[in-house]
Amino acid sequence: MANVELILLQRVEKLGQMGELVKVKPGYARNYLLPQAKAVRATKANKERFERERAQLEAQNLKRREEAERVAERVTGLAVTLIRQASESGALYGSVSSRDIAEASTEAGLSIGRNQVLLIHPIKTLGISTVRVELHPEVHIGVKVNVARSVEEAEKQARGEEILPEADEKPELGPLFGEEEAAG
């Protein structure tokens, strides 16, 4: 199937800057770029309209980026703590998703949506992770996510203390099945 030609209305990571003509697969255009108003089809009428409105669109983009940069400066070093149940080895029962991080960030004072949290894989273990948050297509910040079983454990992790038991400690095993019969 032939690629679709689009005009980008904002910067799209790994694709291009605002105003660029790009060719993308039809599904990417139909399901992501067009519904989210990140691009328009590159028809003659849209090209002319974009050129007429280019200065206004660039000014709006610059204003939104400056606002995002101010927010980024204000919340630099943001850390959120999530309390979850986990096994003794540190594996979570369930996982921490972008929705959980967005809700915790909003409670901490940074109002974001879950689509702004750029989480490649859900967090499935205890510990501290840094997650990328997109405030604007050109402005990203790192948010530290501290996943622990309790508030005390979260404080230990924040100080850099190890919370999981050492791997060399082996539990003492009792007699194996059938050993008593063989000895007697």
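The values are calculated or read from the model by the stated rules, or taken from the named source; none is laboratory data. Since we're looking at a predicted model, the values are computed, not measured. Because the Cβ atoms are built from the backbone with ideal geometry, glycine has one as well, and the counts that use them run over all protein chains shown.
Odds and ends about this structure:
- Subset of segment 141-159 [assigned to a helix (DSSP H, G or I), among the hydrophobic types (A, V, I, L, M, F, W, C) and surrounded by 14 or more Cβ atoms within 10 Å (Cβ to Cβ)]: Ala154, Ala158
- Asn46 being in contact with a Lys or Arg (Cβ under 7 Å, 6 or more places away or on another chain), farther than 28 Å from Val131 by Cβ, modelled with pLDDT of 90 or more and not hydrophobic (A, V, I, L, M, F, W, C): no
- Residue within segment 72-90 that is in contact with a strand residue (DSSP E or B) (Cβ under 9 Å, 6 or more places away or on another chain) and in a helix (DSSP H, G or I) present: yes
- Single residue of segment 74-86 satisfying the filter (surrounded by fewer than 12 Cβ atoms within 10 Å (Cβ to Cβ) and either among the basic types (Lys, Arg) or modelled with pLDDT of 90 or more (or both)) that is nearest to the chain's Cα centre (by Cα): Arg74
- For Ile7, the criteria (1) surrounded by 14 or more Cβ atoms within 10 Å (Cβ to Cβ); (2) closer than 24 Å to Ile112 by Cβ hold in every case but one, which is (2).
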